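Scroll down for the structure; my scribbles are underneath it.
The values are calculated or read from the model by the stated rules, or taken from the named source; none is laboratory data. Keep in mind the model is a prediction, meaning the values are calculated, not measured. In this analysis, Cβ positions are derived from the backbone assuming ideal geometry, glycine residues included, and neighbour counts consider all displayed protein chains.
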Amino acid sequence: MNDNHFLKNIFNEANFKKEDLETILNQYQRLEFAKNDFLIREETTANFYYFMESGFARSYVIDLEGNDISTKFFSSKDIVIDWHSYFLKTKCRENIQAITPCVAWKITFDDFMKLFNIEAFREVGRTRLVNNYFELKNHSVSIIADPAKDRYLNLLKTKPDIVQNVPLKQIATYLGVTDTSLSRIRKEIVDTK
């Protein structure tokens, strides 16, 4: 069995029978990624997902003008996944790449499906899926309805580790602004303190 405190925290030992937890942990494989390694590449089909133990990664797409646009950031305890590709077996439209060296725990689709007979595992998965959906929905509405400064302040409040560890150019594209505009917003915030 993988004797890993990180995964035991993810699955909160108190919520699982000992034998179920052991079965779950045995399905995960620990991997290390160097900076700039791809966890998932566009045009491939995702056959696994990861729990991020440490480090930072991002998903991004190349827009019609050839610009690299960040769509999501991942840090410790996040699920790194292309939901659509993983469950529907379609080609990924995004790349997911390590921003820093990362440690992650991988599970294959087949092993994931075997675990669905464990009720507590299903509940953890459902909760994470719903939370991920709400985060995505909130971000897409925010890009349309909120001023850029508010979007940055929200990111600073909800994910300060991202702001401290991710290049500003990548954060700017995620927020839907230029890096020059983001620099101006950051200066404004510092000047008002």
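Would a scan of region 147-158 turn up a residue that is within 15 Å of the chain's Cα centre (by Cα), of a type outside the set (D, E) and either surrounded by 14 or more Cβ atoms within 10 Å (Cβ to Cβ) or in a helix (DSSP H, G or I) (or both)? Yes, there is a match, as at least one residue in region 147-158 is within 15 Å of the chain's Cα centre (by Cα), of a type outside the set (D, E) and either surrounded by 14 or more Cβ atoms within 10 Å (Cβ to Cβ) or in a helix (DSSP H, G or I) (or both). Selection over region 29-66 of residues that are free of Cβ contacts under 8 Å to residues at least 12 places away in the same chain and touching a Phe, Trp or Tyr at 6+ places or on another chain (Cβ under 9 Å) gives a count of 0. Among the conditions (1) modelled with pLDDT of 90 or more; (2) assigned to a helix (DSSP H, G or I); (3) farther than 21 Å from R151 by Cβ, N138 misses just one, which is (3). Criterion applied to T100, T158, T108 was being farther than 23 Å from Y60 by Cβ and among the polar types (S, T, N, Q), and the one residue passing it is T108.
Residues that are part of a strand (DSSP E or B) and surrounded by 13 or more Cβ atoms within 10 Å (Cβ to Cβ) do occur in region 9-30, at least one of them. Residues in region 90-104 that are crowded, with 20+ Cβ neighbours inside 10 Å, assigned to a loop (DSSP other than H, G, I, E, B) and polar (S, T, N, Q): none. Do the conditions hold for E42, that is, is it surrounded by fewer than 18 Cβ atoms within 10 Å (Cβ to Cβ) and in a loop (DSSP other than H, G, I, E, B)? Answer is yes for this residue. The set of residues in region 138-159 that are closer than 21 Å to N67 by Cβ and charged (D, E, K, R) contains only R151. What's the number of the only condition in (1) out of contact with any Ser or Thr (no Cβ under 7 Å at 6 or more places or on another chain); (2) more than 30 Å from N26 (Cβ to Cβ); (3) basic (K, R) that K106 fails to meet? Evaluating K106 over (1) out of contact with any Ser or Thr (no Cβ under 7 Å at 6 or more places or on another chain); (2) more than 30 Å from N26 (Cβ to Cβ); (3) basic (K, R) leaves (2) as the failure. Is there a residue being of a type outside the set (A, V, I, L, M, F, W, C), within 22 Å of D68 (Cα to Cα), outside any helix (DSSP H, G or I) and in contact with a strand residue (DSSP E or B) (Cβ under 8 Å, 6 or more places away or on another chain) anywhere in region 160-181? Within region 160-181 (the criterion being of a type outside the set (A, V, I, L, M, F, W, C), within 22 Å of D68 (Cα to Cα), outside any helix (DSSP H, G or I) and in contact with a strand residue (DSSP E or B) (Cβ under 8 Å, 6 or more places away or on another chain)), the answer is no, since none of the residues qualifies. Within region 174-193, the set of residues being over 16 Å from the mean Cα position of the chain (by Cα) and touching a residue at least 40 places away in the same chain (Cβ under 8 Å) comprises just one member, I189. Of the residues making up region 73-85, those that are in contact (Cβ under 8 Å) with a residue 12 or more places away in the chain, more than 26 Å from H5 (Cα to Cα) and surrounded by fewer than 20 Cβ atoms within 10 Å (Cβ to Cβ) number 0. Counting only strands (runs of 3 or more DSSP E) wholly contained in region 45-87, the ones carrying 1 or more residues that are more than 14 Å from the chain's Cα centre (by Cα) occupy 57-62, 68-74. Note on region 109-147: residues that are among the basic types (K, R), touching a residue at least 24 places away in the same chain (Cβ under 8 Å) and either over 23 Å from Q27 (Cα atoms) or in contact with a strand residue (DSSP E or B) (Cβ under 7 Å, 6 or more places away or on another chain) (or both) amount to 1.
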